[in-house]
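The block underneath contains the structure these notes are about, expressed in structure tokens.
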Amino acid sequence: MSQGLTTCLPAPRLGLPAGLASELFERTGVEVAFYLPDGTRVREEGGDGAETADAAPALVLEAVRENADRLEGGAGEVRLASLLRRRSRLVLVALARVPVSGPAGEGLGRRLLAAVADLVRARMAEAETCRERDQTTEALTQCYEEISLLHNLGEALRVNRPVAEFLDDVCSALRETLGVEAVAAWLPAGAGLEPVTVVAGRLPCLVSDLPVLVGRVLAGLEPEKPVLINNHLGDDPALGGFSMALERLVVVPLPVGQEGGGAIAAFNRPAGEFGSADAKLIRSGASASAVFIDNRRLYVQLQQLMLDLVHTLVSSVDAKDPYTCGHSTRVAITCREVARGMGFAGDALKEVYMAGLLHDIGKIGTPEAILRKPGLLLPEERDIMRRHVEVGGQILSGIRRLEFIREAVLYHHEHLDGSGYPSGLKGEAIPLVARIIALADAFDAMTSNRPYRPMLPLEDVKREIGRATGTQFDPQVVRAFLGLDFGRLMQQFADSPEKLRAGGSEK
């Protein structure tokens, strides 16, 4: 009776799948009408959710009053008023009726209505799952659209570069153009970025003194004279005391955000004294740096917002099964460390980490009864569980620039010999990140306590992975995995959520 009733249909504002009453009548011969708890009839046909003024049958009002399903027979039919809830809140009452004849027919009708009530509840739960999945897709799409827009606007400044790398280029260019001994940039911590100190050339003072030197200069600058030019540091006890090698100095503030505090400084020009033209050139470099740093900080903040959203979504999936709590984060960390051992770096490592986090996002549509089942799954339950890779792929399919993550999520249960699912891919046809996730996923499963078995010792896990190398796991991925410092890996698992979410320090 339930065949053909598993397709996700649009759910109107009451959570009622479109055309459900007509579909039930065609398949079962049972008439079903829906009412609000106050007795107002809901016009379900077509899925528009419109209400009518039809009077509610007494059985519906009785069910609401007693907060329980009500069943009655007589006058050649059996009627059942079933309470329908969303998140424990009563939203609808389904009134189902079927004509019967005789005691035997009445007994059969009662059982039929009970089955129909279960089916209605299942369809509403399914519609709710579809709605949650659509909201998840929309939220992910919106966040990554914002990040993509920001990236495109800052393309000229390559906003995905580390701040230290950009400032090193600026300092090197200024040193070469000005012909000075050294140019240094210093940026204090703030707004999600760590402190940065960059030096191009040979600094005529200790690098550790640079923050104090810059801080002292910035504290003495006047708003109408926002640049310091000092060609006689030997006569200045406040600045010349840092080093006897300090002769000439230009300091220009880095106007970054509300905090300020950073600066670019040029030291010792052998060709002569610093002048206003030199200061103007340094100010141009400082202005370009300030634009880049502000863009970079916003980019990092949006990345963190996205990562926080992903962690929240992943936590909601992990929370459905207490035995796998934290599983996605551990898989993400393992994927990142294996990828690092294979030569991945920079943003590529962050992308692998994100793919590991999202590898089981499709389980948001898997019933908790299956996820929490303590014993072995039945074949039909196993089929439902396996669908999580395809659901995950569907969730991520609406997000531009995430195709590599979508493919990793979709194919992380493929095996090297073609015995995996969902497509039976073999060897190099399986995306590399999917092959990394496959190993990390299996490692965490074997080293975690499950209802059907305790965690395995690390050496046993290594032997199991070795036996499956070349059939289930990629040999090059296994080599990188076996080269990990497992003590350090376990410490990363135990670190605070804030450290885990950072996915590496920001420079």
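The values are calculated or read from the model by the stated rules, or taken from the named source; none is laboratory data. All values derive from a computational prediction rather than experimental measurement. Don't worry about glycine lacking a Cβ; one is built from the backbone with ideal geometry, like all the others, and counts go over all protein chains shown.
Answer with yes or no whether Asp347 is surrounded by 24 or more Cβ atoms within 10 Å (Cβ to Cβ) and either touching a strand residue (DSSP E or B) at 6+ places or on another chain (Cβ under 6 Å) or at negative phi (or both).
Numbers: surrounded by 24 or more Cβ atoms within 10 Å (Cβ to Cβ): no; either touching a strand residue (DSSP E or B) at 6+ places or on another chain (Cβ under 6 Å) or at negative phi (or both): yes.
Here the answer is no, as Asp347 does not meet what is asked.
Just wondering, is there one or more residues in segment 339-356 that are modelled with pLDDT of 80 or more, touching a Lys or Arg at 6+ places or on another chain (Cβ under 6 Å) and β-branched (Val, Ile, Thr)?
Yes, segment 339-356 contains a residue that is modelled with pLDDT of 80 or more, touching a Lys or Arg at 6+ places or on another chain (Cβ under 6 Å) and β-branched (Val, Ile, Thr).
I'm trying to understand the selection: among the residues of segment 426-470, which are on the phi < 0 side of the Ramachandran plot, assigned to a loop (DSSP other than H, G, I, E, B) and surrounded by fewer than 18 Cβ atoms within 10 Å (Cβ to Cβ)?
The answer is Lys426, Ser448, Asn449, Pro451, Tyr452, Pro454, Met455, Leu456, Pro457.
Working only within segment 471-489, note down all residues that are of a type in the set (A, V, I, L, M, F, W, C) and either buried (at least 16 other Cβ atoms within 10 Å of the Cβ) or assigned to a helix (DSSP H, G or I) (or both). Steps first, please.
Start the filter on segment 471-489 by keeping residues that are of a type in the set (A, V, I, L, M, F, W, C), which leaves 473, 477-478, 480-482, 484, 486, 489.
Matches in segment 471-489: Phe473, Val477, Val478, Ala480, Phe481, Leu482, Phe486, Leu489.
Looking at (1) out of contact with any Ser or Thr (no Cβ under 8 Å at 6 or more places or on another chain); (2) in a helix (DSSP H, G or I), can you tell me which one Met385 breaks?
Result: Met385 passes all but (1).
Looking at (1) more than 25 Å from Arg435 (Cα to Cα); (2) in contact (Cβ under 8 Å) with a residue 24 or more places away in the chain, can you tell me which one Tyr353 breaks?
(1)
Taking the condition charged (D, E, K, R), within 24 Å of Tyr353 (Cβ to Cβ) and without any contact (Cβ under 8 Å) to a residue 24 or more places away in the chain, does Glu428 pass?
Details: charged (D, E, K, R): yes; within 24 Å of Tyr353 (Cβ to Cβ): yes; without any contact (Cβ under 8 Å) to a residue 24 or more places away in the chain: yes.
Here the answer is yes, as Glu428 does meet what is asked.
Residue-wise test of (1) of a type outside the set (D, E, K, R); (2) in contact with a helix residue (DSSP H, G or I) (Cβ under 6 Å, 6 or more places away or on another chain); (3) within 30 Å of Gln135 (Cβ to Cβ).
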| residue | (1), (2), (3) |
| --- | --- |
| Pro367 | yes, no, yes |
| Tyr411 | yes, yes, yes |
| Asp417 | no, no, no |
| Tyr421 | yes, yes, yes |
| Ala429 | yes, no, no |
| Ala434 | yes, yes, yes |
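Hydrophobic (A, V, I, L, M, F, W, C), in the same structural domain as Val338 (by TED's automatic domain parsing) and loosely packed, with under 12 Cβ neighbours inside 10 Å - does that describe any residue in segment 378-391?
Pass one, segment 378-391, residues hydrophobic (A, V, I, L, M, F, W, C): 378, 384-385, 389, 391.
Retained after the next criterion (residues that are in the same structural domain as Val338 (by TED's automatic domain parsing)): 378, 384-385, 389, 391.
Now narrow it down to the ones that are loosely packed, with under 12 Cβ neighbours inside 10 Å: 378.
So far as segment 378-391 goes, yes, one or more of its residues are hydrophobic (A, V, I, L, M, F, W, C), in the same structural domain as Val338 (by TED's automatic domain parsing) and loosely packed, with under 12 Cβ neighbours inside 10 Å.
Quick one: count up the residues across segment 69-110 that are in a helix (DSSP H, G or I) and modelled with pLDDT of 85 or more. Don't jump to the end; show me each part of the working.
Within segment 69-110, the first condition is being in a helix (DSSP H, G or I), and the residues that meet it are 102-110.
Now restrict to residues that are modelled with pLDDT of 85 or more: 107-110.
Result for segment 69-110: 4.
Within segment 445-456, can one find any residue that is touching a His at 6+ places or on another chain (Cβ under 6 Å) and assigned by TED's automatic domain parsing to the domain that holds Gly487? Don't jump to the end; show me each part of the working.
Filtering segment 445-456 down to residues touching a His at 6+ places or on another chain (Cβ under 6 Å) leaves none.
No - not one qualifying residue is present in segment 445-456.
Taking only pairs six or more apart or across chains, which ones have beta-carbon atoms under 7 Å, a first residue in segment 225-236 that is under 20 Å from Arg283 (Cβ atoms), and a second residue that is among the acidic types (Asp, Glu)?
Asn230/Asp236; Asn231/Glu273
Consider segment 231-282. How many of its residues are touching a strand residue (DSSP E or B) at 6+ places or on another chain (Cβ under 8 Å) and closer than 30 Å to Asn295 by Cα?
Matching residues across segment 231-282 total 21.
Can you tell me which residue within segment 325-353, out of those that are farther than 19 Å from Met490 by Cα and of a type in the set (A, V, I, L, M), is farthest from the chain's Cα centre (by Cα)?
Looking at residues that are farther than 19 Å from Met490 by Cα and of a type in the set (A, V, I, L, M), I get Met342.
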